[in-house]
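Read the structure below first, then the notes.
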Amino acid sequence: MIMDCNCIEPPPGDELLTKYQYISDFFIALAYFSIPLELIYFVKKSAVFPYRWVLVQFGAFIVLCGATHLINLWTFTVHSKTVAVVMTTAKVLTAVVSCATALLLVHIIPDLLSVKTRELFLKNKAAELDREMGLIRTQEETGRHVRMLTHEIRSTLDRHTILKTTLVELGRTLALEECALWMPTRTGLELQLSYTLRQQNPVGYTVPIHLPVINQVFSTNRAVKISPNCPVARLRPQAGKYMPGEVVAVRVPLLNLSNFQIYDWPGVSSSYALMVLMLPSGSARQWHLYELELVEVVADQVAVALSHAAILEESMRARDQLLEQNGALDRARREAETAIHARNDFLSVMNHEMRTPMHAVIALSSLLQETELTPEQRLMVETILKSSNLLVTLINDVLDLSRLEDGSLQLDAATFNLHSVFKEVVNLIKPVASVKKLSLTLHLAPDLPVYAIGDEKRLMQTILNVVGNAVKFSKEGGVSIIAFVAKVESFRDARIPDFIPVLNDNQFYLRVQVKDSGSGINPQDIPTLFTKFAQTQSPTARNSGGNGLGLAICKRFVNLMEGHIWIDSEGIGKGCTATFIVKLGLPDRSNESKAPFVHKILGNHGPTNFAGLKVLFLDDNGVSRTVTKGVLVHLGCDVTTASSSEECLRVVSHEHKVIFMDVCSGIEGYDLVERIHQKFTKRQDRPLIVALTGNTNKVTKETCVRVGMDGLILKPVSVDKMRGVLSELLEHRVLFETI
C-alpha cells in the first residue's frame, strides 16, 4: 500500500546541496558535542579553576546548538535555491569554525592544564612553607619559653626556689593540671614526692625506685609518656566521668654530691630525680613534639641549676666555716699581739727599772774595786761585778730575743772595720781564756776584706757568743777562730741542705769557724742547741752556768743576716766546731776611709784622769744622781748635779764641757736640749749633751739624734766605761752607743 506524501520533491539539481547540508549538520553536531566533553575533562583535571559554572553553562549552550543541528538532519525541507545556497554556505562555515575550535581546544587544553599544574605546585609549596614557618614559629615560641624558664630558674641559686619555680613556670607555660617532682631518698632505694604544683598531695609519699615505669624513664633522656594510673602519676583526685589527661615523665640528672656535705641531699654517687607532668582531664589535648622538647630542655636546665645550687651551698658552707676560722684566727692574732705588746711593755719597763739599780750596783762596785781592799774583799767585789755583768747580759739577751721574735729588731747596716771586730773579740775573750790557761788563736784569710757593710754590733755579738761558749765549755787545750770568704762550692755542704745563697753585686758571704777542745756535745742534743732556754744534759754544761739564750739569739741574728749556723761534734769529750755564714756588703773604695765612728766596748784607754773637767749631771733619781756623781768625781771631774730641767737650765754655763742627762722620764729632757741650744747659740760655746738612759729602743736613739744631742750611753756605767766614754767623747765630740 502506497502512502501519500505531501513533501515537495526537491528538484534534481538541489539534491547535491542537500547532501552537503546534511554532511555539514552532522559535523557541526559532532563538533558541538565534542567541545562539552573536552570542557568537562578540563574542569575535572583543573581542580583550582574558579569559574566552573561558566564552563557548565557554556557546555550546555553548545550541546543545545549541536542538538539543533542534529535535528536538522531529520527536518530538511525544500527551500529555494538561493536560501539553500545561503544555508549551505553558513553551515559549511559553521562546520569549519566549529571543527577548528574543537581542534584548537585539543591543543590548548594541555597548555592550560600545565599552567594550572604549575599554579597548584606553587600553592603546594606555599602551603609547605607555611607549615615550615609554623614549625619555626613553634620552635621560637618553645625557645622563648625555655629562655623564660631558664631565666626564672637561674634567677636564684636556692635549690628549693629553683624546683618550685620550675613547676610553676611549666604549669603556666604548658597549661598543666598537675606537675610534680620526685627526689631520691638518702638510701637511693625510693623516690619521695618532694614538690607539687597544686599541692593537693602531701609531700613525703614514697614509691620504690625499681618500678618498671621508673626504670623506663631513667633509661633515656627523652620525655616518656606513661600511664595516668601508674604510682608516680596518681597525684590528682578522681576525674569522675572525665578521662584523665596524658601524662609524661622525664628524668632530671642530679649532681654527684658525694664530694659535698649537703646534709639534706641524696648521698648516692649517681641518681636522677623524676619530673611528672599531666595535661588537664576531660580534654582531647595531646602532647605535641615541641612541648616534649621543651620539657626535656627544662629538665636539663634544672639539672644544671641544681648543680650550681649544690656547689653554691657547699661554697657558702665553706665560706662560713672559713669566716669562722678566720674570726678565730683573728681573735687569736689580736690576743697574741696584745700579749706581745704586754710582754714588750713589761720588758721595756723592767729593762729600765732593772738597769737603774744595776747601774748603782756596778758603779759602786767598780768604785770599790779601785780602793785598797784585802784579797777577800777584792774577791767579793769582783764576784759582785761579775754577777752584775751576767745579769746585765741576761737582760740584754731577753730584750734582743723578744724583739727578734716579734720582728721589731732590724739590722743597722753601716760600713765598719771587719778585721778590728775580730781583734776586739779576741781582746775581750783573751783574759778569760788566760785564766783557764787556754790558747786563743785568730786566723783571718788574706782575701778577707778589711771593711764591710753590715750590722757591726750584731755580728760582734754573734762572734762573742760563739767564742764565749767555746771558752766556757773548754777546760784545757785551746780555741781557734778562722774567718774567710765562703766559696760557692762550700755551699754544697750536706749539713746546710736548706741554705740557698743569693748574692748581688758588691756582696760576699763571711764564713767563721770556731773550734774548741772542750767537753763536746752528744750528736742527738745538737738540734736543740738553738732552742731558747735549752741546755745539753752533760755535767759540764750544767756546771758552766748560762741561760740557754746565747745560741738561740745567734741563730736569729744569723738568719737576719741571710746566713746559716750549725755545730759539729763527734761526741762527749771530743770538742766541737761551730760554723756560721753571714752575708755582708763590700763598700766602695772611696767610702772605706769614711767609715763612721761607732762606739765599741769601752775600756781603759786614753787619759785616766780628767782633773778640772766641768760636768753637769741631770737625773731626777737621787740614788742614780749620787752614784754617777761619785764615778765622775773619782775620775777627777768637777761635777754639778741637777734634779730638774729648770735647775739644769739655771746652773748650766759656758764653763761646763759635758752635760749628762737621764732622758728616761719623758719629753722634758728633749725640750731641755732645745732650750740649751737656744741659750748657747754658738756651737763652740755649747757643752756636749749626752743622754744616759736605760731605754734600749731605737726611738730613744733617733729622738736624741733629732733634737741635736751629741751622744747616748746605756746604763749601767762602771768606772772603766765612764772613763772610756769621756775619752772618746772629748776626742771625737760625738758618741752614740749602739742599741
Next on the checklist: I'd like to verify a number: residues in the stretch 615-631 that are open to solvent by less than 30 Å² (accessible area, probe 1.4 Å), of a type outside the set (Phe, Trp, Tyr) and farther than 15 Å from VAL719 by Cα, how many?
Outcome noted: 4
Next on the checklist: I need a count of the residues in the stretch 381-401 that are hydroxyl-bearing (Ser, Thr, Tyr) and surrounded by 15 or more Cβ atoms within 10 Å (Cβ to Cβ).
Outcome noted: 2
Next on the checklist: When you check VAL639 against the structure, is it of a type in the set (A, V, I, L, M, F, W, C) and open to solvent by 40 Å² or more (accessible area, probe 1.4 Å), yes or no?
Outcome noted: no
Item to check | Scan of the stretch 188-201 for residues that are open to solvent by 10 Å² or more (accessible area, probe 1.4 Å), under 17 Å from PRO253 (Cα atoms) and not acidic (Asp, Glu), ordered by number | outcome: GLY188, LEU189, GLN192, SER194, TYR195
Next on the checklist: I'd like to know if the stretch 179-196 contains one or more residues that are at pLDDT below 85, of a type in the set (D, E, K, R) and over 20 Å from VAL295 (Cβ atoms).
Outcome noted: yes
Next on the checklist: Of the residues LEU367, LEU399, LEU379, LEU394, only one is modelled with pLDDT under 90 and in contact with a Leu (Cβ under 7 Å, 6 or more places away or on another chain); which?
Outcome noted: LEU399
Checklist entry - Are any of the residues in the stretch 283-296 assigned to a loop (DSSP other than H, G, I, E, B), modelled with pLDDT under 85, open to solvent by 40 Å² or more (accessible area, probe 1.4 Å) and farther than 30 Å from GLY134 by Cα? => result no
Checklist entry - Restricting attention to the stretch 423-465, and to residues there that are in contact with a helix residue (DSSP H, G or I) (Cβ under 9 Å, 6 or more places away or on another chain) and among the small types (Gly, Ala, Ser), which single residue is most open to solvent (accessible area, probe 1.4 Å)? => result SER439
Checklist outcome for this item: Taking the stretch 606-617 and the residues there that are in contact with a helix residue (DSSP H, G or I) (Cβ under 8 Å, 6 or more places away or on another chain) and either modelled with pLDDT under 90 or charged (D, E, K, R) (or both), the one that is nearest to VAL690 (Cα to Cα) would be PHE610
Checklist outcome for this item: For the stretch 648-660 the number of residues that are open to solvent by less than 50 Å² (accessible area, probe 1.4 Å) and of a type outside the set (A, V, I, L, M, F, W, C) is 2
Checklist entry - Across the stretch 361-380, what is the total count of residues that are surrounded by fewer than 17 Cβ atoms within 10 Å (Cβ to Cβ), in a helix (DSSP H, G or I) and either β-branched (Val, Ile, Thr) or in contact (Cβ under 8 Å) with a residue 12 or more places away in the chain (or both)? => result 1
Checklist outcome for this item: Taking first residues from the stretch 393-413 that are over 15 Å from MET350 (Cα atoms) and second residues anywhere that are in a helix (DSSP H, G or I) and open to solvent by 60 Å² or more (accessible area, probe 1.4 Å), the pairs with Cβ under 6 Å that are 6 or more apart or on different chains are LEU404/ARG556; LEU411/LEU560
Checklist entry - Just one of the numbered conditions (1) assigned to a loop (DSSP other than H, G, I, E, B); (2) of a type in the set (A, V, I, L, M); (3) out of contact with any Gly (no Cβ under 7 Å at 6 or more places or on another chain); (4) at pLDDT below 85 is not true of ALA239; which one? => result (3)
Item to check | Qualifying residue in the stretch 698-719 (condition: of a type in the set (A, V, I, L, M), at pLDDT below 85, open to solvent by 10 Å² or more (accessible area, probe 1.4 Å) and closer than 21 Å to ASP412 by Cβ) | outcome: yes
Checklist entry - Only one of (1) surrounded by 20 or more Cβ atoms within 10 Å (Cβ to Cβ); (2) assigned to a helix (DSSP H, G or I); (3) of a type in the set (A, V, I, L, M, F, W, C) is not met by PHE416, so which one is it? => result (2)
Next on the checklist: For the condition surrounded by fewer than 19 Cβ atoms within 10 Å (Cβ to Cβ), in contact with a His (Cβ under 9 Å, 6 or more places away or on another chain) and aromatic (Phe, Trp, Tyr), what is the one hit in PHE736, PHE680?
Outcome noted: PHE680
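Every residue, every condition in (1) over 30 Å from LEU174 (Cα atoms); (2) assigned to a helix (DSSP H, G or I); (3) open to solvent by less than 50 Å² (accessible area, probe 1.4 Å); (4) at pLDDT 85 or above, yes or no:
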site	(1), (2), (3), (4)
VAL302	no, yes, yes, no
LEU306	no, yes, yes, no
ALA318	yes, yes, yes, yes
LEU322	yes, yes, no, yes
ALA328	yes, yes, yes, yes
GLU335	yes, yes, no, yes
Next on the checklist: Quick check on this structure: which one of PHE617, PHE660 is in contact with a Lys or Arg (Cβ under 8 Å, 6 or more places away or on another chain) and aromatic (Phe, Trp, Tyr)?
Outcome noted: PHE617
Checklist entry - Which one is modelled with the highest pLDDT among residues in the stretch 419-457 that are in a helix (DSSP H, G or I) and basic (Lys, Arg)? => result LYS423
Item to check | Selection status of ASN351, over 30 Å from GLY636 (Cβ atoms) and open to solvent by less than 30 Å² (accessible area, probe 1.4 Å) | outcome: yes
Item to check | Residues of the stretch 604-628 satisfying the condition of being outside any loop (DSSP other than H, G, I, E, B) and either of a type in the set (Ser, Thr, Tyr) or over 15 Å from THR356 (Cβ atoms) (or both) | outcome: LYS614, VAL615, LEU616, SER624, THR626, THR628
Next on the checklist: Out of the strands (runs of 3 or more DSSP E) lying entirely within the stretch 640-739, which hold 1 or more residues that are among the aliphatic types (A, V, I, L, M) and over 51 Å from the mean Cα position of the chain (by Cα)?
Outcome noted: 658-661, 688-693
Checklist entry - ASN506 fails exactly one of the following numbered conditions: (1) at negative phi; (2) at pLDDT 70 or above. What is the number of that condition? => result (1)
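The values are calculated or read from the model by the stated rules, or taken from the named source; none is laboratory data. Because the structure is a prediction, the values reported are computed rather than measured. Counting neighbours? That spans all protein chains shown, and the Cβs are built from the backbone with ideal geometry, glycine included. Each accessible area value is taken on the protein alone, full model and side chains, heavy atoms only, with ligands, DNA and RNA left out. Shrake-Rupley method; radii C 1.70, N 1.55, O 1.52, S 1.80 Å.
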